[in-house]
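Visitor: Could you have a look at this structure, given as structure tokens, before my questions?
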Ligand code: ATP
């Protein structure tokens, strides 16, 4: 049977339990073989992360150590220049083969900005999109993105019938945690413990990350 692979890209600055829980629930909802977390090297659509790629990746590695169904994929770090998702998906399609089911997972907030992404319509040449319904967010009702969604939308249960080319919208339980909040807690001298995996919190303290300097996200 073709492999079913979920993909969650992000800055992971730092990774927290909201990311991990969402990845795990998406895996269960779609019966995926695995979900890969892909740290972004140079985000094209936002300010440079507060911590360099190597350290963000090391935190992810520690976060995933005890979870066999979530994996780290560091291919964006091995490419120079902006980390365009379409390039990442093309590279995944090459390495996983034509039959693999590839599902790029993104929050509804990110989906609303999709038309700003480099070659956004080509994303579906390589993968499906799974849009996660987040509180306070709704699907676009009109315009280019709404029409595109209408053309490509299928029910989540039908998404993996083909290797790529469709969009589904899925509700999952989401933990109200953001990396922005974690960074500001640390900068204010407050504790983010229990919002992120213990080994990640240990690493942050050991390297004194996020304590000083301006917020860049
Ligand atoms: P920041 O606060 O720095 O913007 P973030 O916590 O939103 O960071 P990102 O690395 O930007 O994290 O997010 C990566 C992916 O994880 C995005 O698709 C985003 O929608 C999703 N995500 C972020 N926080 C949560 C959460 N609490 N629950 C579920 N998904 C989340």
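Visitor: At R0 = 35 Å, how high is the FRET efficiency between residue 133 and residue 65 if r is their beta carbon distance? Nearest 0.05 is fine. Working shown, then result.
Guide: On the way: r = 30 Å, r/R0 = 0.85.
Step by step, r from the Cβ atoms, then E = 0.70.
Visitor: Turning to a different aspect of this structure: What's the angle, to the nearest 10 degrees (0 to 90), between helix 53-64's Cα axis and the longest principal axis of the chain?
Guide: In the chain, helix 53-64 runs at an angle near 80 degrees to the longest axis.
Visitor: Let me ask you something else. Once the Cα gyration tensor of the chain is diagonalised, what are the square roots of 5 times its eigenvalues, in whole Å and ordered largest first, as equivalent ellipsoid semi-axes?
Guide: Details: eigenvalues 164, 69, 59 Å².
Rounded to whole Å, the semi-axes are 29, 19, 17.
Visitor: Assuming 1.002 mPa s and 20 °C, estimate D for segment 116-189 with Stokes-Einstein, Rh taken as the Kirkwood radius over Cα pairs, in µm²/s.
Guide: Details: Rh = 14.7 Å.
Result for D is 146 µm²/s.
Visitor: Calculate, in nm to one decimal, what residue 205 and residue 116 gain on full extension: separation in residues at 0.36 nm each, minus their alpha carbon distance. Present the calculation step by step, with values, prior to reporting the outcome.
Guide: Numbers: separation 89, 0.36 × 89 = 32.04 nm, distance 3.62 nm.
Here the segment from residue 205 to residue 116 would lengthen by 28.4 nm.
Visitor: Enter the Cα centre distance for the pair segment 126-180 and segment 16-92, rounded to the nearest angstrom.
Guide: So the two Cα centres are separated by 18 Å.
Visitor: Between residue 173 and residue 157, what length comes free when the chain is fully extended (0.36 nm per residue of separation minus the Cα-Cα distance, one decimal in nm)?
Guide: Details: separation 16, 0.36 × 16 = 5.76 nm, distance 1.78 nm.
Value of the extension gain: 4.0 nm.
Visitor: Restricting to DSSP H runs of at least four residues, report the calculated mean residue ellipticity at 222 nm for the chain, -39500 (n - 2.57) per run over all residues, nearest 500 deg cm²/dmol. Before the final figure, lay out the partial values.
Guide: Numbers: 8 runs with 74 residues, N = 217.
Here the helix-only value at 222 nm equals -9500 deg cm²/dmol.
Visitor: Also: By how many degrees, 0 to 90 and rounded to 10, does the Cα axis of helix 85-96 deviate from the longest principal axis of the chain?
Guide: 70
Visitor: Moving to a separate point now. Quick one: order 194, 111 by neighbouring beta-carbon count within 10 Å, fewest to most. It would help to have the intermediate numbers written out before the result.
Guide: On the way: 194 10, 111 22.
Starting with the residue having the fewest Cβ neighbours, the order is 194, 111.
Visitor: If you scale each eigenvalue of the Cα gyration tensor by 5 and take the root, what three semi-axes come out for segment 15-93, rounded to whole angstrom and sorted largest first? It would help to have the intermediate numbers written out before the result.
Guide: Values: eigenvalues 94, 49, 25 Å².
Listed largest to smallest, the semi-axes of segment 15-93 are 22, 16, 11 Å.
Every number here is computed from the coordinates shown, using simple stated rules; none is lab data. Bear in mind the structure is a predicted one, so any value in this text is a computation, not a measurement. Positions of Cβ are generated from backbone atoms using ideal geometry, with glycine treated the same way; all protein chains shown enter the neighbour counts.
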